[in-house]
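Novice: Attaching a single structure in structure tokens format; questions to follow.
The values are calculated or read from the model by the stated rules, or taken from the named source; none is laboratory data. Being a predicted model, the structure only gives us computed values, none of them experimental. For neighbour counting, all protein chains shown are included, and Cβ atoms are generated from backbone atoms with ideal geometry for every residue, glycine included. Surface areas here come from the heavy atoms of the whole protein model, side chains and all, with no ligands, DNA or RNA. Shrake-Rupley method; radii C 1.70, N 1.55, O 1.52, S 1.80 Å.
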Amino acid sequence: MNIILCDNYDDASQKAYKLLLEELKRNSSAVLGLPTGSTPLGLYKFMTDGFSEGDFSYEDIVTFNLDEYAGLSRDDPNSYFKFMMDNLFRALDVKIENINIPSGLGELEENCRIYDKKLEEAGGIDIQILGIGRNGHIGFNEPGTPFELTTHIAELSTHTREDNSRFFTSLDEVPTKAVTLGVKSIMNARKIILIAVGNEKADALYNTIHGPVTLDCPSSILQMHPDITLFLDGAAGSRL
Ligand code: PGA
């Protein structure tokens, strides 16, 4: 694991962007795995600003998002589809047909198999960007989720629903399920870039880096990944 301690969130986002940009310039048709949440917003701003300044064209990039809430349509204000359009895709030249986000509507099991097939046909993920939950979840792979799963339906933990309730009007409105890439799908990525900031992530980071590899902390499996770089602020890295 390559661990980079950064001055603050902006610095972590900028350093992550620099590494991502180097990789994209090496492979301009890369398959990019993308997260939602608060953490990637800084990186997404560097990506969109960089695009405006001519850093890179995303026209041949293919994207696969980590997850989507069950039961929300694409235009729901809280759907991850909408989040990605608003915070990243609309400001880049990525082709709409190259954007993949699991569907949280209809036959969810079928949606999972379709997503796995699409990812396989695309040749797997070249660069996976990750955030991390305070319980060590990656994607919506909560503690206890078997490491060998690919795309599947996840039950969201109380922790996660509480953390994400800030985006909804009440906790009751937070979906209880999601469609998510599995840990196996994430571990198959050729390169992983993880960003984490804030005190509330410090235990998760300690367990990710120093803890035993255990289902109790899904992110601990990342110790086994051959090419992962973590960009942390001082608070997230405070227990290391
Ligand atoms: P956050 O979520 O970026 O909003 O903290 C991270 C995650 O749950 O993976």
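Novice: Being under 24 Å from Asn164 (Cα atoms) and small (Gly, Ala, Ser) is the filter here, so list the residues in the range 87-140 that pass it.
Specialist: Ser103, Gly104, Gly106, Gly131, Gly133, Gly136, Gly139
Novice: Got a sec? Which of Ile127, Ile96 is out of contact with any Cys (no Cβ under 7 Å at 6 or more places or on another chain), in contact (Cβ under 8 Å) with a residue 60 or more places away in the chain and of a type in the set (A, V, I, L, M, F, W, C)?
Specialist: On the way: Ile96 fails: in contact (Cβ under 8 Å) with a residue 60 or more places away in the chain.
Residue meeting the stated conditions: Ile127.
Yes or no, residue by residue, for (1) among the basic types (Lys, Arg); (2) away from the ligand (no atom under 13 Å from the Cβ); (3) in a loop (DSSP other than H, G, I, E, B); (4) surrounded by fewer than 24 Cβ atoms within 10 Å (Cβ to Cβ):
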residue: Pro146; (1), (2), (3), (4): no, yes, yes, yes
residue: Glu162; (1), (2), (3), (4): no, no, no, yes
residue: Ser185; (1), (2), (3), (4): no, yes, no, no
residue: Ile221; (1), (2), (3), (4): no, yes, no, yes
residue: Leu230; (1), (2), (3), (4): no, yes, no, no
residue: Ala236; (1), (2), (3), (4): no, no, yes, no
residue: Leu240; (1), (2), (3), (4): no, yes, yes, yes
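Novice: Across the range 125-144, which residue is surrounded by the fewest Cβ atoms within 10 Å (Cβ to Cβ) among those that are in a loop (DSSP other than H, G, I, E, B) and away from the ligand (no atom under 11 Å from the Cβ)? Outline the logic, then answer.
Specialist: To start, the set of residues in the range 125-144 that are in a loop (DSSP other than H, G, I, E, B) comprises 125-126, 131-137, 139-140, 142-144.
Narrowing the set further to residues that are away from the ligand (no atom under 11 Å from the Cβ) leaves 125-126, 143-144.
Values: Ile125: 26, Asp126: 20, Pro143: 16, Gly144: 11.
It comes out as Gly144.
Novice: Which members of the range 193-208 meet the condition of being within 17 Å of Pro40 (Cβ to Cβ) and either open to solvent by 10 Å² or more (accessible area, probe 1.4 Å) or within 13 Å of the ligand (Cβ to nearest atom) (or both)? Don't jump to the end; show me each part of the working.
Specialist: Going through the range 193-208, the residues within 17 Å of Pro40 (Cβ to Cβ) turn out to be 193-198, 200-201, 204-205.
If the condition is that a residue be within 17 Å of Pro40 (Cβ to Cβ) and either open to solvent by 10 Å² or more (accessible area, probe 1.4 Å) or within 13 Å of the ligand (Cβ to nearest atom) (or both), then Leu194, Ile195, Ala196, Val197, Gly198, Glu200, Lys201, Ala204, Leu205 are the ones that fit.
Novice: To continue, here is another question. Given the residues Gly50, Gly54, which is the only one that is assigned to a helix (DSSP H, G or I), more than 16 Å from the ligand (Cβ to nearest atom), over 29 Å from Leu149 (Cα atoms) and at pLDDT 95 or above? Reasoning before the result, please.
Specialist: Details: Gly54 fails: assigned to a helix (DSSP H, G or I).
Among Gly50, Gly54, only Gly50 is assigned to a helix (DSSP H, G or I), more than 16 Å from the ligand (Cβ to nearest atom), over 29 Å from Leu149 (Cα atoms) and at pLDDT 95 or above.
Novice: Also, quick follow-up: Considering the range 99-122 alone, what residues qualify as being free of Cβ contacts under 8 Å to residues at least 60 places away in the same chain and part of a helix (DSSP H, G or I)?
Specialist: Glu109, Glu110, Arg113, Ile114, Lys117, Lys118, Glu120, Glu121
Novice: Out of the residues in the range 88-124 that are within 22 Å of Gly42 (Cβ to Cβ) and either within 16 Å of the ligand (Cβ to nearest atom) or of a type in the set (Gly, Ala, Ser) (or both), state the one that is farthest from the chain's Cα centre (by Cα). Full working, then the answer.
Specialist: First pass over the range 88-124, keeping only residues within 22 Å of Gly42 (Cβ to Cβ): 88-94, 99, 101.
Narrowing further to those that are either within 16 Å of the ligand (Cβ to nearest atom) or of a type in the set (Gly, Ala, Ser) (or both): 88, 91, 101.
Numbers: Leu88: 13, Ala91: 19, Ile101: 12 Å.
Out of the qualifying residues, it is Ala91.
Novice: Hey, can you tell me all the residues within the range 12-43 that are outside any helix (DSSP H, G or I) and open to solvent by 30 Å² or more (accessible area, probe 1.4 Å)? Let's see the steps before the verdict.
Specialist: So the first thing to find is which residues in the range 12-43 are outside any helix (DSSP H, G or I), and the list is 27-40.
Once the filter is applied, which keeps residues that are outside any helix (DSSP H, G or I) and open to solvent by 30 Å² or more (accessible area, probe 1.4 Å), the range 12-43 yields Asn27, Ser28, Ser29, Ser38.
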